[in-house]
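**Q** Got a structure for you, questions after.
The values are calculated or read from the model by the stated rules, or taken from the named source; none is laboratory data. Since the structure is predicted, the reported quantities are computational estimates derived from the model, not experimental observations. Here the Cβ positions follow ideal geometry from the backbone for every residue, glycine too, while neighbour counts run over all protein chains shown. Accessible surface is based on the protein model in full, side chains and every heavy atom, while ligands, DNA and RNA are left aside. Shrake-Rupley method; radii C 1.70, N 1.55, O 1.52, S 1.80 Å.
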Amino acid sequence: GLLKKTYGGAVLDEANTETDYERRRAENEEKKEEIAERAYQFIEPGDTIYLDYGTSSYALAKKLIDFEDLTVVTNSIPIVNLLIRSTGINLIILGGNVRKNEDSLFGTFGLNNAKEIFVDIGFFGCAGIDLKSGVTNYHMGEIEISKAMLHHSKTVIVLADETKFGKSALYKTSNLEELDIVITTDIKDPEV
């Protein structure tokens, strides 16, 4: 049931495979929990926060289910599904085109909405964080929304376990100087 026969060969049956997002959510789960626990401590009742589409942001969202008096802005469908029934959370969805393998929203519609919203704290994930290239990610449409929300956050917090350090992805989200806080796990390299 994992393969589908096609003319001239076989391909993976997409209905029976997990998305990239689901697979990544299970990777380094313990580290993401540590990061989420620390990030949670920055949130106070009455805050408006942005949670981007990363799996570390999802780990933080899991801790917010019973939070009272919080506004959450997001472009992540898994985070929306997680928090939609939380009575103490006012949920704002940026909207846009669906990126199916990440279950995220991107594009002009979401970007235009992001340009009109300002938050107390923005929580951002990344594919890489490097002294030379800064914070980077893989999908241009997603990073455009991240860039807009980064500039509309009073406090910018990046959530990245140590495996992200020293790596660069294709598209730049921000310079390191634009970040207020980086929450991570044990980094072995003293220079980093």
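**Q** Stretch Asn175-Lys132 to full length: gain in nm at 0.36 nm per residue minus the Cα-Cα span?
**A** 14.6 nm
**Q** Considering only Met149, Tyr138, Gly107, whose Cα is most displaced toward the positive end of the charge dipole of segment 95-192, charges sitting on Cβ of Lys, Arg (+1) and Asp, Glu (-1)?
**A** Ranked along the dipole, the leading option is Gly107.
**Q** Which whole-Hz ³J(HN,Hα) couplings does segment 100-111 yield from phi under the Karplus relation 6.51 cos²θ - 1.76 cosθ + 1.60, θ = phi - 60°, glycine and proline marked x?
**A** After applying 6.51 cos²θ - 1.76 cosθ + 1.60, I find 5, 6, 10, 6, 10, 10, 8, x, 4, 4, x, 5 Hz.
**Q** Let me ask something additional. Provide the packing ranking of 85-97, 56-68, i.e. peptides ordered by the mean count of other C-beta atoms within 10 Å per residue, highest first.
**A** 56-68, 85-97
**Q** Give the Kirkwood hydrodynamic radius (Å, one decimal) of the chain, defined as one over the mean of 1/r across all pairs of different Cα atoms.
**A** Over the chain, the inverse of the mean reciprocal pair distance is 17.2 Å.
**Q** On a C-alpha basis, how far is the centre of segment 169-192 from the centre of segment 31-59 in Å? Whole number, if you could?
**A** Distance between centres, Cα-based: 16 Å.
**Q** Determine the dipole magnitude for the chain: charges of +1 sit on the beta-carbon of Lys and Arg, -1 on that of Asp and Glu, nothing else is charged, the reference point is the Cα centre, and the result goes in debye to the nearest 20.
**A** In debye, rounded to 20, the chain gives about 680.
**Q** Can you run phi through the Karplus equation (6.51, -1.76, 1.60; θ = phi - 60°) for segment 43-57 and list ³J(HN,Hα) in whole Hz, with x for Gly and Pro?
**A** Running phi through 6.51 cos²θ - 1.76 cosθ + 1.60 with θ = phi - 60° gives 9, 10, x, x, 6, 10, 10, 10, 10, 7, 7, x, 6, 5, 5 Hz.
**Q** Mind counting lysine pairs for me in segment 69-192? Cα separation below 28 Å, and the two need to be 8 or more apart along the chain or on different chains.
**A** Count of close lysine pairs: 26.
**Q** Calculate, for segment 118-159, the solvent-accessible area per residue in square angstrom, rolling a 1.4 angstrom probe over the heavy atoms of the protein chains.
**A** 35 Å²
**Q** Taking the Cα centroid of segment 99-113 and of segment 117-150, what is the distance between the two, rounded to the nearest whole Å?
**A** Centre-to-centre distance over Cα atoms comes out at 14 Å.
**Q** Counting only C-alpha contacts under 8 Å and six or more residues apart, can you give the relative contact order of segment 127-179 as a whole percent?
**A** 58 percent
**Q** Something else now. Leaving ligands, DNA and RNA out of it, rank Met140, Met149 by accessible area with a 1.4 Å probe, largest first.
**A** Met140, Met149
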